[in-house]
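Engineer: Take this structure first; my questions come after.
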Amino acid sequence: MHALLLPLLAVISLQTALDARTSAAPGVGIAVGIIDHGAQRLYVSGSDGNGRPVDAHTLFEIGSVSKTFTATALAAMALRRQVALTDPIAKYLPKGVRAPNAGGRQISLLDLAEQRSGLPRLPTNMRGIAGDDPYADYSVADMYAFLNGYSLTRAPGSQYEYSNYAIGLLGQLLANRANTTYPRLLDAMVLQPLGMVDTKLVVTGAPNPDRLAVAHNAYGSAVPAWHFESVAPAGGVASSLSDMLKYLRCNLGQGPLGHACLFAQRPRAEGMPNHRIGLVWNLNARNGIVSHNGATNGSYAMIAISRDRQTGVVVMSNGAGVDDIATHVLVPSYPIGGCPSSVAAVKTDPASYAGVYCNALLGTTFTVDASPKANSLSIALLPQPSESYAQIARDSFYAAAYGAEFKFLRDGGNVVGLTLLQGGQTIPAARLAAEGKPLKALSQFVPHSMTLDRATLQQYVGTYAVVGLGAFTVTLHSDGLYVQLTGQPAAPVYASAKDQFFYEVVDARIDFERSSSGAVTALVLHQGGQEIRAPRTSP
């Protein structure tokens, strides 16, 4: 017989783990909700960043967990025969907007929901992929303009590729079908039927919802909330533990939308490695867990359901990592991450990279050892096995198979930390001394930036071309300088000195060259041990 309550030791260890994680940064909180064979348990820890303790009605940005709300709306509309999953997207596009195809194969609603549409993760006509509020000014008109000009590189349905743009488009198409806006569609199809009275969309041009927790980045610093226009169906929801438990019950097959929630989870195609995908939802082929996680710039969330649909968990935070906590609830053998209290002395040699590196806020621990391969390191993100990373520059190691780069940080010649750059994310970790304490605070890892006046910044604006690669377009906006390479979204760069800039979204920097008269004549990109020089072509 399945126990309805966790053993006392497990309850204590979970709360202790939450308290340990929120203590890593003032203003950070975590909320956990568990439904186990009908029994409901809530755990909260820390602060909402506004001086209030986290409770069941604190709102958290849930990032890409929002995509499952759009999937639920699609499932409900399909079951009511308001749409068919096989409907081509052209059926719901406004007049004058073209739907791309490949070999005569049209993109369907199902292709969008399965992340197999052939559309990219992000559109290239976004002003920025990073910064304080990257989605805030990307309108529905911008979304349609990108679709009009995009050519598919493969047939829809042929390959999995995670796409924020695709789910944003899906939500807008469903709203078009219902002759309404996406916020009203979400409210009518999901929030009202489930009684989710706290849940809001964080949208451009409106004040942040009351009780919204202040997000904190991987360094523990407070950051602004993200706001959404057209991509709201992919990441714009903020919700409370009270509401997310109602949503969790739906995804256990209960309540007025239980059938739609289960319909959305049904696996239909191959997704990530060792996963199948339903309507947005991921199913782990090894343990049968259905889940989706999400993140904005400083908020994290995960919802997960057991194979038998009898147990589920939702975890949200405004700065602390949550995936390991959610996984541990359903798979108790999976450890909740944390920094070790002591480190073997051999791993603290400051002249070596070998050591243990930890970010207590995210619950991530890395081990670094010498590799049998020349000019390589063996690096593991625990509890995953170690992998080999090849040296590409002094203090930089890269694995092409994972698109991941580790950049080691020094202080007075000694290695004191590292930064992992992967998939547009930056995860810093401090090196631990023998007693388990960091050699340097994470807050000290943030690159130093300086402010240049707008007249100086204006001097860099223009186009810089590279034969065989494309062109770098440099633009100036109210929040600073942006650089865009052909075929990619723009990203902000920050000045470390006059003519010298660095990215936050990737480990790269840009230097500008000047003529003897002082005119800017070229751009030089430094990334991955390479230098790419692009002469200025305009103005």
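The values are calculated or read from the model by the stated rules, or taken from the named source; none is laboratory data. All figures in this text were calculated on a predicted structure; none of them were measured in a lab. Don't worry about glycine lacking a Cβ; one is built from the backbone with ideal geometry, like all the others, and counts go over all protein chains shown.
To keep it simple, each residue is scored yes or no on (1) within 22 Å of the chain's Cα centre (by Cα); (2) at pLDDT below 95; (3) of a type in the set (Asp, Glu); (4) not in a strand (DSSP E or B).
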residue: Leu14; (1), (2), (3), (4): no, yes, no, yes
residue: Ala25; (1), (2), (3), (4): yes, yes, no, yes
residue: Val44; (1), (2), (3), (4): no, no, no, no
residue: Lys67; (1), (2), (3), (4): yes, no, no, yes
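Engineer: For region 404-425, state whether one or more residues are out of contact with any Phe, Trp or Tyr (no Cβ under 8 Å at 6 or more places or on another chain) and hydroxyl-bearing (Ser, Thr, Tyr).
Structural biologist: No.
Engineer: Please go through region 431-474 and give me each residue that is touching a residue at least 60 places away in the same chain (Cβ under 8 Å), within 27 Å of Ala522 (Cα to Cα) and among the polar types (S, T, N, Q), ordered by number.
Structural biologist: If the condition is that a residue be touching a residue at least 60 places away in the same chain (Cβ under 8 Å), within 27 Å of Ala522 (Cα to Cα) and among the polar types (S, T, N, Q), then Gln459, Thr463 are the ones that fit.
Engineer: Looking at region 368-375, can you tell me whether even one residue there is on the phi > 0 side of the Ramachandran plot and polar (S, T, N, Q)?
Structural biologist: Yes: one or more hits.
Engineer: Are there any pairs, at least 6 apart or on different chains, whose C-beta atoms fall under 7 Å, with the first in region 36-48 and under 10 Å from Ser317 (Cβ atoms) and the second among the small types (Gly, Ala, Ser), and if so, which?
Structural biologist: Ser45/Gly29; Gly46/Gly29
Engineer: Only one residue in Ile379, Ile392 is among the β-branched types (Val, Ile, Thr) and in contact (Cβ under 8 Å) with a residue 40 or more places away in the chain, so which one is that?
Structural biologist: Of the residues listed, the single one that is among the β-branched types (Val, Ile, Thr) and in contact (Cβ under 8 Å) with a residue 40 or more places away in the chain is Ile392.
Engineer: Another question, if that's okay. So, in region 291-331, exactly how many residues are assigned to a strand (DSSP E or B), among the polar types (S, T, N, Q) and over 20 Å from the mean Cα position of the chain (by Cα)?
Structural biologist: Qualifying residue count, region 291-331: 1.
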